[in-house]
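Every number in this text was worked out from the coordinates using simple rules, so none of it is lab data. Note that the structure is predicted; figures quoted are calculated from it, not measured. Positions of Cβ are generated from backbone atoms using ideal geometry, with glycine treated the same way; all protein chains shown enter the neighbour counts.
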Amino acid sequence: MNLLDEVRLADEACDAAVAAIASPEELFAKQAEWRAAWLGAMGGLPEERTPLNTRVTGVVECDGFRMENVVFESLPGVFVTAHLALPADPAGRPPYPLVLMPLGHSDNGILNPRYAAHFAMAARAGFAVLSWDPLSQGERRQSSDPRFDANCAVEHSRLGARCWLVGWNFARFRIWDAMRAIDYAESRPDLDSSRLGIMGTSGGGTMSAFLQALDPRVKVAFPNCYVSSLREVVRERGCHDAEQFFFDPFRHGLNHASLLALGQPRVALAIGSRWHDYFPHVGAESTFAVLSNLAARLGLPGPFWHFSCNGPHGLPPSTRAAQTDWMRHCILGAEAPRPPEAYRALDADGTDENDPAGRSPHPFPAEAAFCTPTHQVRNLPGFRSLYAVVADEARRLAAARARAPRTRDELRAIVRRRAGIRPLAELPAEVQAPFDHPNFNWWYLTGPYGARRENEAAILATLGRSAVGRDAENILIRAAAESRARSGAPVPLHANGWDCIAAAHAYAAEPQLFSSVAFTDPPPSWTDLVADPTPGRESYATAVWGALRDYDWPDLVGEAP
């Protein structure tokens, strides 16, 4: 059975578990399990809501709304640049109903024309709209070296691979930024957070789905171009951005269907999909069917809606209007959204959705929308990058390991569990070839073994395994065969470069197989890699989820012969 089949069966089992829920009480019990599992898969959220230290750095008068440029700190020194639109319609008065608009992957943040147009549309519809730059986007580039500013998703993956080693997922910080944005909104008397909605597309759709599940303050949600099914997403292009895949989710019943069910019955929920997308429409249909059937069986109030339109991936005028009307219906009590065909007609003239300027001018001048003097938070006094946050955690874990060193037998058990290395007697007779799928060229990291191996490592992680563990097993298969040929005598172990990491795991799992260990040109320790502020050597294919909580890879050979 190949990886795609394994993912399909695991994802279908999660759907079936949601479909089997027979009562509201059973749903609430499952929600408690799912929530704990999602938080565990992220490495938990920060324990303390530290001071936001919010400041408004500018005000822009726009057609139909006033925009405030805001800076706050989601963690000490972790600056978030945000924009708050307040409607100018004299018929409205504070406190204004609030809609969060998390952004998708745009290097220029809110200055992306489609997001700016949607931001303005919602404000003119009577909402206060709060949007913020995700990490690595807009004014929130994290590396101090501007040579690494090329693509926000690349930096997401670099940060994600670093987070992976300390037992965090990049989603941890994306979700925390969003929760602190709600905290900021709640501090303002002119905003009504009791009627809180969230709508976003792509990466913003991801955050919309996560927030409706994990933050009880969200009452209405419309994630677009994210919700599908994990089996269809992986089949189409493998794993996507760093916050969109987790370690071993299926074992805990976590997939897109359970993510949507987590918000019920609190959330009025719509999902959006496009017919030609790398979040496949067919997956969105199947997941929405699971939720709709659950709602019908349990009498969940909803309302629920699935809006779809022609592709490719993105935020066309039809979806902007549909999302805004859904918020008006659910929050303001306006009429129900129009039939889908009425929205799809908005896309009929073929205007490029990435440049809607011909249809409606950019709602505010670019220079007026910047929140910081140099247009980058990394130049603010006291700035603390996420690279530094992860490095500090790696150093803390190293100190904790030094205070409680592991015995060789303890390390053996831990390595097998974390890397997914089976006992020698359970290994196949032949080495395991990498799963080389032609669609997996689309990936943000190339690592030492290439983009396909990086994507394969991410897919293995969703099944609770690691590429390091698979490669270590292959070393053990070869070593065991050679040992048998030598009448059971142990064999020398030699590795070069990045292969040393898998070799160290093989030795830790079955040290009796090896007579000696020799490494040539080994890579730095994981702790040193994470401590290096210069990006470029991050890799999922050479990492083990959460390993630094228990060991660094050089620890595994220790006093090897």
Over its Cα atoms, what ratio of radius of gyration to 2.2 N^0.38 Å does the chain give? 1.01
Counting DSSP beta bridges with both partners in the chain, what percentage is antiparallel, nearest 5? 45
Evaluate the charge dipole of the stretch 387-556 about its Cα centre and quote only its size in Debye, nearest 20, assuming +1 on the Cβ of each Lys and Arg and -1 on the Cβ of each Asp and Glu. 460
Packing rank of 297-310, 540-553, where each peptide gets the mean count of other beta carbons within 10 Å, highest leading: 540-553, 297-310
Full extension from HIS375 to HIS362: what is 0.36 nm times the residue separation minus their Cα-Cα distance, to one decimal in nm? 2.8 nm
Given 39-46, 6-13, the highest-first ranking by average Cβ count within 10 Å works out to 6-13, 39-46
Simple spin-label estimate for ALA518/GLU559, 7 Å along Cα→Cβ, in nm, reads 2.3
Could you tell me the relative contact order of the chain? Use alpha-carbon pairs under 8 Å, at least six residues apart, and round to a whole percent. 17
Pop the C-beta distance of ARG549 and VAL56 into the FRET formula with R0 = 51 Å and round what comes out to the nearest 0.05. 0.80
The stretch 245-284 to the stretch 494-523: how many Å between their Cα centroids? 40
Given R₀ = 35 Å, FRET efficiency for ASP107-ALA345 by Cβ-Cβ distance, to 0.05? 0.65
For labels at GLU33 and ASP436 in the simple 7 Å Cα→Cβ model, what's the distance in nm? 4.0
Given the DSSP H assignment, sum -39500 (n - 2.57) over each helix run of at least 4 residues in the chain and divide by its residue total; what's the result at 222 nm in deg cm²/dmol, nearest 500? -12000 deg cm²/dmol
Rounding to the nearest 20 debye, state how big the charge dipole of the chain is about its Cα centre with +1 on each Lys and Arg Cβ and -1 on each Asp and Glu Cβ. 820
Unit charges at the beta carbon, dipole of the chain: most positive-side option, SER208, SER258, MET1: SER258
Looking at PRO438, ALA547, ALA458, which one has the Cα that reaches farthest to the positive end of the dipole of the stretch 387-556 (charges on Cβ: Lys, Arg +1; Asp, Glu -1)? ALA547
Projected onto the charge dipole of the stretch 46-128 (unit charges on the beta-carbon of Lys, Arg, Asp and Glu, signs +1, +1, -1, -1), the Cα from THR50, GLY77, MET101 with the largest positive-side position is that of MET101
Using θ = phi - 60° and the Karplus curve 6.51 cos²θ - 1.76 cosθ + 1.60, what whole-Hz ³J(HN,Hα) does each residue of the stretch 389-399 get, with Gly and Pro shown as x? 4, 5, 4, 5, 5, 4, 5, 4, 5, 4, 5
Going by a ≥ b ≥ c, the root eigenvalues of the Cα gyration tensor, does the stretch 387-556 fall in the rounded group (a/c under 1.5), the prolate group (a/b larger than b/c) or the oblate group? oblate
At 7 Å along the Cα-to-beta-carbon direction for both ARG49 and HIS313, put a label point, then send me their distance in nm to one decimal. 3.4
Between the alpha carbon centres of the stretch 121-198 and the stretch 356-424 the gap in Å comes to 13
About its Cα centre, how strong a charge dipole does the stretch 1-131 have in debye, to the nearest 20, once Lys and Arg get +1 and Asp and Glu get -1 at the Cβ? 640
